[in-house]
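Asks: This structure is in structure tokens; I'll ask about it shortly.
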Amino acid sequence: MNAVHNSYPPPLSIGRPLVTIIVPLLNAAPYIAGCIRSVLDQSWDNWELLLVDNGSSDGSRAIAASFTDPRIILMDEPRKGVSFARNMGLAHMKGTYFCFLDADDLLPKNSIRLRLDLFRRYPEARFADGAMEAFDANTGKVKWVRSPWNHGNPFDAMMLMDGSSFAGNTWMVKRVTGHEYRMPEHMDHSEDHAFYLGISRQGLYVSTARVVLHYRTGHVSANSDPLNGHTGYLELYKWMGQLKPPPSETQLQHAWNRLRRFMVRDLLKRGHFIDALRVRQRARPR
């Protein structure tokens, strides 16, 4: 496949940096080709796409392997979970900047360029973000758009979980020399929030209201049953308490109230009214 030429002048203050895009791949045969093509179609062409197959059994790996662009690298990770797959990508990335992409989602044409332009405008920034647009997998219609609005160090906002700095896997990260980037491998839900929270003290967060991710909904995926996320919410809270330096008691209490609200909402949505009442009355873990 031919490389897509960058149709925009390179931002002079950051040159033409390499951007690593990490995609964990597990049984996404209906979607992975579209995901890869959305990267190939980027207006910024200096990227590497690390596809990490996590034990697919539906032909996903063969589809990924059919793309011969040298910027696409296919790796294999035993089926241990999405965090293990992402960590393999993080361990092998070469880019100055990196971001994640799920195998069933798509990047708009200017997704990389928009976030790199934020780094050009704000040289001190460590994180560049943008809006996430959800579309229905069956109809293709847009269902909602979530746009971050924070500008500053994102740690407090990430503890608040108010959506100002995190709506999904939309961060682009400028790497800190010598830092080992790793997902918490014991988590398979809310692990992305935990990962970003863990590095959020590294510097400035900036964002654009422009869409940088097309998020697929209305299909079977790892997050299709929100009740499976309750363990993830509890693990996320434990992760918060183990951060160094630790969050304040006020921050931890607010985070627990927020996570408990998420769990109650999910239970009510599924009609589990008694369980929702029990969770609502549950005290903060110590």
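Asks: Select, from Asp41, Asp58, the only residue that is closer than 19 Å to Arg216 by Cβ, surrounded by fewer than 23 Cβ atoms within 10 Å (Cβ to Cβ) and over 21 Å from the mean Cα position of the chain (by Cα).
Replies: On inspection, the qualifying residue turns out to be Asp58.
Asks: Looking at (1) assigned to a strand (DSSP E or B); (2) in contact (Cβ under 8 Å) with a residue 40 or more places away in the chain; (3) surrounded by fewer than 22 Cβ atoms within 10 Å (Cβ to Cβ), which one does Gly130 not meet, given that it meets all the others?
Replies: Gly130 satisfies all of (1) assigned to a strand (DSSP E or B); (2) in contact (Cβ under 8 Å) with a residue 40 or more places away in the chain; (3) surrounded by fewer than 22 Cβ atoms within 10 Å (Cβ to Cβ) except (3).
Asks: Return yes when Ala103 is at pLDDT 95 or above, farther than 27 Å from Leu243 by Cα and in contact with a Leu (Cβ under 6 Å, 6 or more places away or on another chain) and no when it is not.
Replies: Here the answer is yes, as Ala103 does meet what is asked.
Asks: Sticking with this structure for a sec: Got a number for residues in segment 241-263 being over 24 Å from the mean Cα position of the chain (by Cα) and either touching a residue at least 12 places away in the same chain (Cβ under 8 Å) or surrounded by 15 or more Cβ atoms within 10 Å (Cβ to Cβ) (or both)?
Replies: 1
Asks: Quick one: which residue in Val173, Val142 is among the β-branched types (Val, Ile, Thr) and either touching a Cys at 6+ places or on another chain (Cβ under 8 Å) or crowded, with 18+ Cβ neighbours inside 10 Å (or both)? So that I can check it myself, show each step before the final result.
Replies: Values: Val142 fails: either touching a Cys at 6+ places or on another chain (Cβ under 8 Å) or crowded, with 18+ Cβ neighbours inside 10 Å (or both).
Checking each option against the conditions leaves just Val173.
Asks: Another question about this same structure. Examine segment 207-229 for a residue that is over 14 Å from the mean Cα position of the chain (by Cα), assigned to a helix (DSSP H, G or I) and crowded, with 17+ Cβ neighbours inside 10 Å, and state whether such a residue exists.
Replies: yes
Asks: Right, something else. Which condition does Cys35 not pass, out of (1) assigned to a strand (DSSP E or B); (2) within 19 Å of the chain's Cα centre (by Cα); (3) farther than 22 Å from Leu204 by Cβ, if it passes all the others?
Replies: Cys35 satisfies every listed condition except (1).
Asks: Go through the residues of segment 93-100 one by one and say whether even a single one is of a type in the set (Ser, Thr, Tyr), touching a residue at least 60 places away in the same chain (Cβ under 8 Å), closer than 30 Å to Ile72 by Cβ and assigned to a helix (DSSP H, G or I).
Replies: For segment 93-100, residues of a type in the set (Ser, Thr, Tyr), touching a residue at least 60 places away in the same chain (Cβ under 8 Å), closer than 30 Å to Ile72 by Cβ and assigned to a helix (DSSP H, G or I): absent.
The values are calculated or read from the model by the stated rules, or taken from the named source; none is laboratory data. Computed from a predicted structure; not experimentally measured. A quick note on method: Cβ atoms are made from the backbone with ideal geometry, for glycine too, and the neighbour counts reach across all protein chains shown.
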